[in-house]
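Read the structure below first, then the notes.
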Amino acid sequence: MTSVVFHTENGRITGFDARGHSGYAPAGEDILCASVTAAVTLVEAAVNDVLGLAAAVRVDEEEALVSLRLPGGLAPTAESTCQTLLTGLMLYFTMLHDEYPENIEVLEAD
């Protein structure tokens, strides 16, 4: 199962950890894992490459983990954009959970 934990602090999404393989299909054929990877890659690219921020990203293929943490002290426009991106990511993963409840879970942690 893929577990995605969104970390929050004072109502602000500060990042996420996505861990594990969905188990929907064999490796290389798993459309759910591909969907998660594509969405995470899009958000990371938007935050770091488009907005030019320095979000900390950790990828560990052995642990099947990807995590992202936003830096603090963002300008209001960058903060708003990041919150929109991360909220959209959370909504997308929640929709995937609704369709594949045995393969992906979405959690929030303070």
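The values are calculated or read from the model by the stated rules, or taken from the named source; none is laboratory data. All values derive from a computational prediction rather than experimental measurement. Neighbour counts are summed over all protein chains in view; Cβ atoms, including those assigned to glycine, are modelled from backbone coordinates with ideal geometry. The protein model used for the area step is the full one, side chains on, heavy atoms only, and it has no ligands, DNA or RNA in it. Shrake-Rupley method; radii C 1.70, N 1.55, O 1.52, S 1.80 Å.
Of all DSSP beta bridges confined to the chain, the antiparallel ones make up roughly 75%.
Per residue, the range 1-57 exposes 52 Å² of accessible surface when a 1.4 Å probe is rolled over the protein heavy atoms with every protein chain present. The angle between the Cα long axis of helix 31-44 and the main principal axis of the chain comes to about 10°, on a 0 to 90 degree scale. Panel note: the C-alpha atoms of the chain, placed on their principal axes, show extents of 42, 23, 19 Å (largest first).
In the chain, the DSSP-assigned H stretches of four residues or longer account for a calculated mean residue ellipticity at 222 nm of -12000 deg cm²/dmol, using -39500 (n - 2.57) per stretch and the full residue count as denominator.
Taking the Cα centre of the chain as reference, the dipole from Cβ charges on Lys and Arg (+1) and Asp and Glu (-1) amounts to some 400 debye. Once the C-beta distance of Ala34 and Thr8 is scaled by a Förster radius of 30 Å, the resulting FRET efficiency is 0.65 to the nearest 0.05. For the chain, which whole percent of the accessible surface, found with a 1.4 angstrom probe, sits on carbon and sulfur atoms? That fraction is 56 percent.
Taking the range 67-109, how much of its Cα-Cα pair set, in percent, is spaced more than 17 angstrom apart? Looking at the range 67-109, the distances longer than 17 Å represent 43 percent of pairs. With unit charges on the beta carbons (Lys and Arg positive, Asp and Glu negative) and the dipole taken about the Cα centre of the chain, which residue among Leu107, Ala75, Ala18 sits farthest to the positive side? Sorting the options by dipole projection puts first Ala75.
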